[in-house]
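Written below as structure tokens is the structure these notes are about.
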Amino acid sequence: MAACQIQNPLQNPLSQLSIRKTRPCLHKPHYVTITAAGHHLSGRKLRVAVIGGGPAGSSAAEALASGGIETFLFERSTSTAKPCGGAIPLCMIDEFSIPLHLIDRHVTKMKIISPSNLAVDFGSKSLRSHEYIPMLRREVLDSFLRTRAQSAGAQLIPSLVTHLEIPSSSFSPYIIHHSINNSRKTLAVDAIIGADGANSKVAKFIKAGNYTCAIAFQERIRLPDEKMAYYQNLAEMYVGDDVSPDFYAWVFPKCDHVAVGTGTVCAKQDIKLYQRGIKERVKSKINGGKVIKVEAHPIPEHPRPVRVRGRVALVGDAAGYVTKCSGEGIYFAAKSGRMCGEAIVRASDGGELMIGEDDLKREYLMEWDKKYVSTFRFLDMLQRVFYGSNVAREALVEVCGNEYVQRMTFDSYLYKKLAKGDRWEDLKMVFGTLGSLMRCKIVGREMEVFKL
Amino acid sequence: MASISISASLQRACSSQHIRRKQKPIPKPTYSLGTKQVMNAVTLDMEAQKGYKTETKEEPASEMKKSKDPEERLKDEFETESSAPKFRDERWKNGTWDLNMFVRNGRMDWDSVIVAEARRRKFLEMHPEATTNEEPVKFRSSIIPWWAWLIRTYLPEAELLNGRAAMIGFFMAYIVDALTGLDVVGQTGNFICKTGLFVTVIGVVVLRKTQDFENLKKLADEATYYDKQWQASWKDENATSSSDRIGNT
């Protein structure tokens, strides 16, 4: 599936459509612009505040601090467990040097189950022996990344940010009002990275615009040992109108329990109904289990209209970097945080120069879009085609039975790289997909005749 | 088949005045009201029964075989309130269709395989079943050969369109002859007539219904919507540049 990108590359990359690649300070022909970019800071380093201490914020803080910038990391609650799938791609372990003892489970088998209960094994034949999907607990990962950012030199401020003052000129600092232990304090910084998640306050203050969110609802269930053995290293995905109208429902194994949940964009008020639907579908496998926690969280569906304004940049969930189709966000959050931090280090020459909006856009936004827009677009197309109706979902499960499709999917998911496939196999895969879609559509039309 | 047995059981139930067949509610926003649901179930099954009159004539044997099953299932349903009707078909064995049972007159009847699979999927759509590890579903529709699909769907529609095209062609030839004096042989030599023919053929193939045009437009809009959302950050630069740069940066 990922290999189809080779056949339809972006003819006109996003980056070249509206920005001219000239000098750092972009001048429009009509009026003179006065920017502070390039101004040398005498006697001090650039001060940057990262608001939000999850994977995005911690990676940004680490990149900034290692680059020599005075970094402040704000995190209001350092110990809550975030409601999250907890799956990361394999490449994240290498790229972010995550120690292996943090991983709770190695998922080596996946099952995807269609509305008519056709179950396809994903990975038993197509995953190589050293490959797996690591599952970990968010609180463990987050605190590891945060402590690493601190040891790189970032200052952790465990307080809640309440207000942001936007400066009037390009030289004056941003004032952050925060409250810690019921006492209000302020902090002046030159630039801000907003990494505070789906309900981002920073986004509200810079008027970045709204986005549609999906809601993910899950229950953590502790199973009896013999049932837990089935989910030892197996994750399941269920599709169907009874479990979600436009997404999938899942059973993911965690450290000592399973998380059973579902998500939806268009029918948020019926989420409990869909949760009941998924629990009915896995009834025999979770019989005797006890619900230990119920949680829900919004997941952004697309990027915010504005991701950089002034000297404030949004990263991670706050910017809306969650892929469609799989709902993956941890890797992209961490990667965008790191890229933004590195962009600021580059633009300010290690903290010596003041930066401006154009620097952020050129070094961070353009690089990010160039690298990942096609991935996001491709997954959006997959979601639209295959999650739309029961007919399409049956076709999806049939297509996933193909070993080549599985191999390509794992290559692009685990390594986040365009999978280099065999042209002939690609063609066969495309025809196979079309064939499956047509067959399932024909059966779907037959189904409409029946009034059971 | 499932529907025959359900309707058979319902007839018995109606006659003996035990109307308490609980149907699993389909997950839609208006799902409450148990009694209403039962009424719906009754009417729906009556329709299904009528629809299957022809089928019952063809296979009286299977109905006899099913006579035991409905009773057992009826008892099951009364005992456990929450159990939904399970999909049952004598040709569905161990999670796949037994293809030997579809042989008719010594030849494989793929049409009935397609119909049976469609009914199974429809049934599961209305009454979703829990997955079990003991009886996994293994049937793949790719086992049905491509020509069976063509014969069922493509050929009838092609016949229809060809018929329509032939009728249009005949009357247009007559009208053009009356207007211009060119007979059929002369028309085939004329360039304007040939382009007219070409446009008509393409038009009939592409726009079979007026709905198709709207669907294509909607598809194009949807396909580019996500792209627009990503580009919004860049578009904004032009809009805010004047106020922001002088004021803020």
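The values are calculated or read from the model by the stated rules, or taken from the named source; none is laboratory data. Every value quoted in this text rests on a predicted model; they were computed, and no experiment measured them. Ideal geometry is used to build each Cβ from the backbone, glycine not excepted, and the neighbour counts take in all protein chains shown.
Do we find that A:ARG346 is away from every other protein chain (no Cβ under 13 Å), closer than 25 Å to A:ASP190 by Cα and either in contact (Cβ under 8 Å) with a residue 40 or more places away in the chain or more than 24 Å from the chain's Cα centre (by Cα) (or both) in this structure? So A:ARG346 passes the test.
Every residue, every condition in (1) polar (S, T, N, Q); (2) surrounded by 20 or more Cβ atoms within 10 Å (Cβ to Cβ); (3) within 13 Å of chain B (Cβ to nearest Cβ), yes or no:
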site	(1), (2), (3)
A:ASP411	no, no, no
A:PHE431	no, no, yes
A:ARG439	no, yes, yes
A:VAL443	no, yes, yes
A:MET447	no, yes, yes
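In region A:152-159, the condition of being surrounded by fewer than 22 Cβ atoms within 10 Å (Cβ to Cβ), β-branched (Val, Ile, Thr), farther than 30 Å from A:VAL243 by Cα and touching a His at 6+ places or on another chain (Cβ under 9 Å) is met by at least one residue.
For A:ARG338, indicate whether it is basic (Lys, Arg) and crowded, with 20+ Cβ neighbours inside 10 Å.
yes
The lone criterion from (1) over 30 Å from A:SER170 (Cβ atoms); (2) buried (at least 20 other Cβ atoms within 10 Å of the Cβ); (3) in contact with a strand residue (DSSP E or B) (Cβ under 8 Å, 6 or more places away or on another chain); (4) not aliphatic (A, V, I, L, M) left unmet by A:LYS361 is number (1). Residue-level check: of (1) more than 21 Å from A:TYR331 (Cα to Cα); (2) modelled with pLDDT under 90, A:SER79 misses just (1). Restricting region B:91-103 to residues that are surrounded by 15 or more Cβ atoms within 10 Å (Cβ to Cβ) and part of a loop (DSSP other than H, G, I, E, B), the residue that is farthest from the other protein chains (Cβ to nearest Cβ) is B:ARG91. For region A:205-255, filtering for residues that are more than 21 Å from A:PHE122 (Cβ to Cβ) and β-branched (Val, Ile, Thr) leaves 4. For the condition touching an Asp or Glu at 6+ places or on another chain (Cβ under 9 Å) and surrounded by 21 or more Cβ atoms within 10 Å (Cβ to Cβ), A:TYR387 does not qualify. Once region A:280-312 is narrowed to residues that are in contact with a Phe, Trp or Tyr (Cβ under 6 Å, 6 or more places away or on another chain) and more than 10 Å from chain B (Cβ to nearest Cβ), the residue that is nearest to A:PRO83 (Cα to Cα) is A:ALA296. The single condition from (1) surrounded by fewer than 19 Cβ atoms within 10 Å (Cβ to Cβ); (2) closer than 30 Å to A:LEU437 by Cα; (3) at pLDDT 90 or above that A:ARG346 fails is (2). Taking into account only those residues within region A:109-142 that are surrounded by 17 or more Cβ atoms within 10 Å (Cβ to Cβ) and among the hydroxyl-bearing types (Ser, Thr, Tyr), which is farthest from the other protein chains (Cβ to nearest Cβ)? Among them, the one singled out is A:TYR132. Filter region A:163-189 down to the residues that are within 14 Å of A:ARG309 (Cα to Cα) and surrounded by 16 or more Cβ atoms within 10 Å (Cβ to Cβ), then identify the one that is nearest to the chain's Cα centre (by Cα). Within region A:163-189, the match that is nearest to the chain's Cα centre (by Cα) is A:LEU164. Of A:GLY320, A:GLY341, all but one fail to be touching a Pro at 6+ places or on another chain (Cβ under 6 Å) and either within 13 Å of another protein chain (Cβ to nearest Cβ) or not in a loop (DSSP other than H, G, I, E, B) (or both); the exception is A:GLY320. Scanning region B:122-167 for residues that are β-branched (Val, Ile, Thr), more than 19 Å from B:ASN94 (Cα to Cα) and within 11 Å of another protein chain (Cβ to nearest Cβ) turns up just one, B:THR153. Counting only helices (runs of 4 or more DSSP H) that sit wholly inside region B:104-188, those with at least 2 residues that are touching an Asp or Glu at 6+ places or on another chain (Cβ under 7 Å) and surrounded by 12 or more Cβ atoms within 10 Å (Cβ to Cβ) are B:110-126.
So in region A:289-331, with the set limited to residues that are at positive phi and within 11 Å of the chain's Cα centre (by Cα), which one is surrounded by the fewest Cβ atoms within 10 Å (Cβ to Cβ)?
A:GLY327
What do you reckon, is B:ILE202 of a type outside the set (D, E, K, R) and modelled with pLDDT under 90? Criteria met by B:ILE202. Taken over region A:387-409, the residue count meeting the criterion of being more than 14 Å from chain B (Cβ to nearest Cβ) and among the aromatic types (Phe, Trp, Tyr) is 1. For the condition among the acidic types (Asp, Glu) and within 11 Å of another protein chain (Cβ to nearest Cβ), A:ASP256 does not qualify.
Taking strands (runs of 3 or more DSSP E) as the structural unit, those lying wholly within region A:90-199 and holding at least 1 residues that are farther than 22 Å from A:LEU64 by Cα correspond to A:105-107, A:109-113, A:119-122, A:133-135, A:160-165, A:174-180, A:183-189.
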